[in-house]
Every structure is written in C-alpha cells, then in structure tokens.
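Structure, as structure tokens:
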Ligand code: 13P
C-alpha cells in the first residue's frame, strides 16, 4: 500500500444481533482475522451486546465501537447512554451522525458536534458520518452538502482532536441498496472532503485524517475502493453481519 494512513475497516451492525448471535459473529472474526496487522478492525454491535463482545475480543486485534452516544455526561437523560458508560466496556470508537440517525432521529450537525466534543472529552474516537441524498447528487449538490455537514459537525474541534476523528463518507443512496458508488465517485468526494478539511484546518492535518467509505461495501468491491488514494477504509453495514463476508472485505483490502 502506498498510503501512509493505516486502513480502518469498521462493521456497523445497526439494530441487528442478539448477544448470542453477536458472540458467534466475533468468534468467527477472531478465527479469520487473527493474523491481520495492516488494518485497524472495529466492530460496532448494538449497546446490548457491548459487554459480552468486549469480553470476547479483549485479547484480540479487534476493537470495539458503539453506534451512538449522548452529548451529555451522566445524569437525568432517560434512555440515553453516556460516553463514560461506553468506556466501561473498553469502547474506543463511536459512530456519530449516521444517516439513519440523521433521518429517523433528526440529528443535526450541531448535535453531532456536541456529541463529538463529548466523545473526545472521554477519549473516544468519533467516526463522523456525512453523505448526500440521491436528489442532492442528481442536482449536482454533493460537495455543497458534504462541506456543510463537515463544517457543522466538526465545529469546535481542534486539529489535535481532528487527528483522533475518523470521517465516514456514506452516500445515502448507496446504503443498503446494493448500489455502490464507483471508485471514481468515492475518490472524488473523498478528495473534496480532504480539501475541505485543509480549508477548515491545514494541509498537514487534512492529509493525516482517515476517511472511510460506506455504502454497499462487499468482498467484491472492497479492493478497488480501498485502492483509491483518499479512501482509507470502510464502514460496512450489511456485509459486516457475516463473519466470512467481513473477513473477506478486510483480507481483500490488504
Ligand atoms: P451497507 O453496507 O449495508 O450499505 O450500510 C452501510 C452503512 O450504513 C454503514 O454505516
């Protein structure tokens, strides 16, 4: 690989997997991926499986992520989960502003920025998701939308914090649809994201930030996507629910 940024490939399990199913899946991943050193591997189970999955992967090369967290610290916020609680399970990453949360929970860029600040305060690495709808792409507004999401979601983050932040570009029209962005489309947006980061911070910082692609990543398209100069990993949904598929994505990306 000619990139100096280490690949990071994360599985977003979304609202899937009971505890027993989650354990089955990570046992399979441990078996298939124990030799992998070239990629940071992250699994993001639902909250209910974090404890057991954490125990199962403790001595492995697989790291734990959560799918969301509160912008608040502990307190009277019924139904919410504070970063401090995630830390109890040795969670290292947290997905913020996934398009499904932007759509169903109406999460705004301003809220995502607050969550990112809370994540950094707890030394969790946020994976901040951005991406356009099909109508935006068709109207030629992809870059405008993504730039606005970046500006809003990263508001207040220092460059030191940005270096501990991962950006996930997930075009909404490619999520769960089987329609992957072509590697050229992904590279084009990733390069524009890096340019925006250089604009918001500086060239050197922007060059080091890892930018994942998400949206119908599969074993068959992973290598081509990951070989693009500005694509530094993947955020995988459906294909991360099966040990063989997720392992093949990782092995095919090395
Ligand atoms: P799919 O891989 O199922 O398209 O989902 C992508 C995603 O939303 C990952 O966060």
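Values in this text are rule-based calculations from the coordinates and carry no lab data. Source: prediction; values computed, not measured. Please note: Cβ atoms are built from the backbone with ideal geometry, for glycine as well, and neighbour counts cover all protein chains shown.
Quick notes on this structure:
- Segment 113-213 - percent relative contact order, Cα under 8 Å, separation 6 or more: 32 percent
- Relative to the globular-protein estimate of 2.2 N^0.38 Å, the Cα radius of gyration of segment 1-139 stands at 1.11.
- Over all distinct Cα-Cα pairs of segment 33-73, the Kirkwood formula returns a hydrodynamic radius of 11.4 Å.
- Simple label model, 7 Å out from Cα along Cβ direction - residue 188 to residue 117, nm: 3.6 nm
- Reported to the nearest whole Å, the Cα centre-to-centre distance from segment 1-58 to segment 102-178 is 22.
- Size check on segment 74-197: the Cα extents along the three principal axes, sorted descending, read 44, 30, 23 Å.
- Using C-alpha pairs below 8 Å separated by at least 6 residues, the relative contact order for the chain is 21 percent.
- Computed E for residue 195/residue 38 - FRET, C-beta separation, R0 41 angstrom, nearest 0.05: 0.95
- Once the convex hull of all Cα atoms in segment 159-242 is built, its volume per residue stands at 88 Å³.
- The alpha-carbon positions of the chain define a convex hull whose volume is 115 Å³ per residue.
- For the chain, calculated [θ]222 nm from helices alone, where every DSSP H run of n ≥ 4 adds -39500 (n - 2.57): -13000 deg cm²/dmol
- A straight chain from residue 208 to residue 106 at 0.36 nm per residue would run longer than the Cα-Cα distance by 33.7 nm.
- On full extension, the segment bounded by residue 5 and residue 163 gains 55.7 nm, given 0.36 nm per residue less the C-alpha separation.
- Mean Cβ neighbour count within 10 Å, used as a protection proxy, ranking 51-60, 11-20 highest first: 11-20, 51-60
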